[in-house]
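The values are calculated or read from the model by the stated rules, or taken from the named source; none is laboratory data. None of these values were measured; they are calculated from a predicted model. Every residue, glycine as well, gets a Cβ built from its backbone with ideal geometry; the counts of neighbours run over all protein chains shown.
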Amino acid sequence: MVFKELLNFRLKDISYKRVLSSMCTVPHPLAVKAHIMFLETNLGDPGIFVGTWELERELIKMLGKLLHNEKAAGYICSGGTEANIQGIRAARNLKRAKKPNIVIPKSAHFSFEKIGDLLAVEIRRVGLDEEYRVDVGEVEKAIDENTVAIVGIAGTTELGQVDPIDELSKIAIEKDVPLHVDAAFGGLVLPFLERKIPFDFELEGVTSITLDPHKMGMATIPAGGILFRDESFLKLLEVETPYLTTKYQFTLTGTRPGTGVASSYAVLKGLGFEGMKRIVKKCMENTNYLVEKMGEIGYEPVIEPIMNVVAFKTERAEKIKEELYKRGWVISTIREPKAIRMVVMPHVTKEMIDEFVEELKKI
Ligand SMILES: Cc1ncc(COP(=O)(O)O)c(C=O)c1O
């Protein structure tokens, strides 16, 4: 039977019960139910999937509201990589420089390497301060007449750190350069934290934001998100689509699933702001628990965790990661400083942390 064959492959995958490295998680039951309802939808042809298209507009409105901008425009895409590509593509098309460059922090995700290659923009990586936030002085110095965008990260992949987006916003306004905020991870964490850290459209200079429901939004994969300050940015991405039910398309991919839209909507609407707050609170409690347990065996965090991403200093990072992998556990490492890194997603429980620490002690 083909399903037995499929199951054999699937069983080779590592269960989330042993995964501390991923920014994705087990989808929420609400997401799974919604996903199944929308299995055959294709948002590449919105004239056919009229209801799914309307649902996507509702979801964007909901996310816009969360990000302090009811006029926000955008769509649900394949993930943070596509969202970052589209954010920078719109900025590049807006400014149209001869030799375009973008200024990004050293801590930016590797998707920006792809962006440099795909969009033929020069990537100017600038340094960080001692807390691993972008050095705004360096950003200012790196900007010139060919700079088409500056980028700030709200929830860095390696440390969960948030760049001073308010200061970047001031620079963006002063220099008249679009500011793209990569909140792929932090976009669905920061609004639900007790401590308020400004990062979104509330700041005048912010023109676009990446925010992925398939990370902390517990939606089914794929569900990334790109939001722009207003609809005019979508126009910069449009191409004509002569043989479809609609005339223009601003998305990067043609055929694209409605499942991510439905599953993201189901989770956010179903749980509401308070429900999301409870989930983020639990993740933060578990992050602090992990820090405490790691402290007991001599590991110190690189920075005090801002969100549910934490790295612990060790010169043996690579070796530890390999040893754990052999034992069925998945963590990751960061390069600067040498450290092991964990992401405390909703599937990570205190029991799982206890088991993990016991395993780590043996290495
Ligand atoms: C900050 C940030 N941006 C972008 C991405 C890329 O997202 P995706 O893997 O969904 O393309 C990630 C992935 O972890 C990320 O952490």
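Laid out as a table, the results:
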quantity: Residues within the stretch 6-23 that are free of Cβ contacts under 8 Å to residues at least 40 places away in the same chain and assigned to a loop (DSSP other than H, G, I, E, B), tallied; calculated: 4
quantity: Test: residue in the stretch 305-316 that is closer than 27 Å to Ile85 by Cα and loosely packed, with under 13 Cβ neighbours inside 10 Å; calculated: no
quantity: Which numbered condition Val291 misses (of (1) farther than 25 Å from Cys77 by Cβ; (2) in a helix (DSSP H, G or I); (3) among the β-branched types (Val, Ile, Thr); (4) within 16 Å of the ligand (Cβ to nearest atom)); calculated: (4)
quantity: Among (1) assigned to a helix (DSSP H, G or I); (2) among the charged types (D, E, K, R); (3) within 16 Å of the ligand (Cβ to nearest atom) - the single one Glu54 does not satisfy; calculated: (3)
quantity: Per-region count, the stretch 254-304, residues among the hydroxyl-bearing types (Ser, Thr, Tyr), in contact with a helix residue (DSSP H, G or I) (Cβ under 7 Å, 6 or more places away or on another chain) and surrounded by fewer than 23 Cβ atoms within 10 Å (Cβ to Cβ); calculated: 1
quantity: So Thr156, is it touching a strand residue (DSSP E or B) at 6+ places or on another chain (Cβ under 9 Å) and assigned to a loop (DSSP other than H, G, I, E, B); calculated: yes
quantity: Verdict on Leu193 being touching a residue at least 40 places away in the same chain (Cβ under 8 Å), more than 16 Å from the ligand (Cβ to nearest atom) and in contact with a helix residue (DSSP H, G or I) (Cβ under 8 Å, 6 or more places away or on another chain); calculated: yes
quantity: Members of the stretch 204-236 found to be in contact (Cβ under 8 Å) with a residue 60 or more places away in the chain and over 21 Å from the mean Cα position of the chain (by Cα), listed by number; calculated: Glu231, Leu236
quantity: Looking only at the stretch 214-224, and only at residues there that are crowded, with 24+ Cβ neighbours inside 10 Å and near the ligand (Cβ under 10 Å from one of its atoms), the one that is farthest from Val32 (Cα to Cα); calculated: Gly224
quantity: Test: residue in the stretch 149-161 that is surrounded by fewer than 24 Cβ atoms within 10 Å (Cβ to Cβ) and either away from the ligand (no atom under 15 Å from the Cβ) or among the basic types (Lys, Arg) (or both); calculated: no
quantity: Test: residue in the stretch 151-164 that is of a type in the set (Asp, Glu) and closer than 26 Å to Ser22 by Cα; calculated: yes
quantity: Only listed residue being in the same structural domain as Lys95 (by TED's automatic domain parsing) and within 13 Å of the ligand (Cβ to nearest atom), chosen from Leu227, Leu211; calculated: Leu211
quantity: Which numbered condition Leu237 misses (of (1) more than 16 Å from the ligand (Cβ to nearest atom); (2) crowded, with 17+ Cβ neighbours inside 10 Å; (3) more than 29 Å from Leu203 (Cβ to Cβ)); calculated: (3)
quantity: Index of the failed condition, Ile85 passing every other in (1) part of a strand (DSSP E or B); (2) within 16 Å of the ligand (Cβ to nearest atom); calculated: (1)
quantity: Test: residue in the stretch 283-302 that is of a type in the set (Gly, Ala, Ser) and in contact (Cβ under 8 Å) with a residue 60 or more places away in the chain; calculated: no
quantity: Single match in Gly116, Gly137 (criterion: in a helix (DSSP H, G or I), within 15 Å of the ligand (Cβ to nearest atom), more than 23 Å from Ala223 (Cβ to Cβ) and without any contact (Cβ under 8 Å) to a residue 24 or more places away in the chain); calculated: Gly116
quantity: Tally, over the stretch 89-108, of residues that are crowded, with 23+ Cβ neighbours inside 10 Å and within 12 Å of the ligand (Cβ to nearest atom); calculated: 3
quantity: Verdict on Ile36 being in contact with a strand residue (DSSP E or B) (Cβ under 8 Å, 6 or more places away or on another chain) and β-branched (Val, Ile, Thr); calculated: no
quantity: Scan of the stretch 68-78 for residues that are within 16 Å of the ligand (Cβ to nearest atom) and surrounded by 21 or more Cβ atoms within 10 Å (Cβ to Cβ), ordered by number; calculated: Gly74, Tyr75, Ile76, Cys77
quantity: The stretch 119-134, residues that are away from the ligand (no atom under 16 Å from the Cβ), under 21 Å from Arg89 (Cβ atoms) and in contact with a strand residue (DSSP E or B) (Cβ under 9 Å, 6 or more places away or on another chain); calculated: Val121, Glu122, Arg124
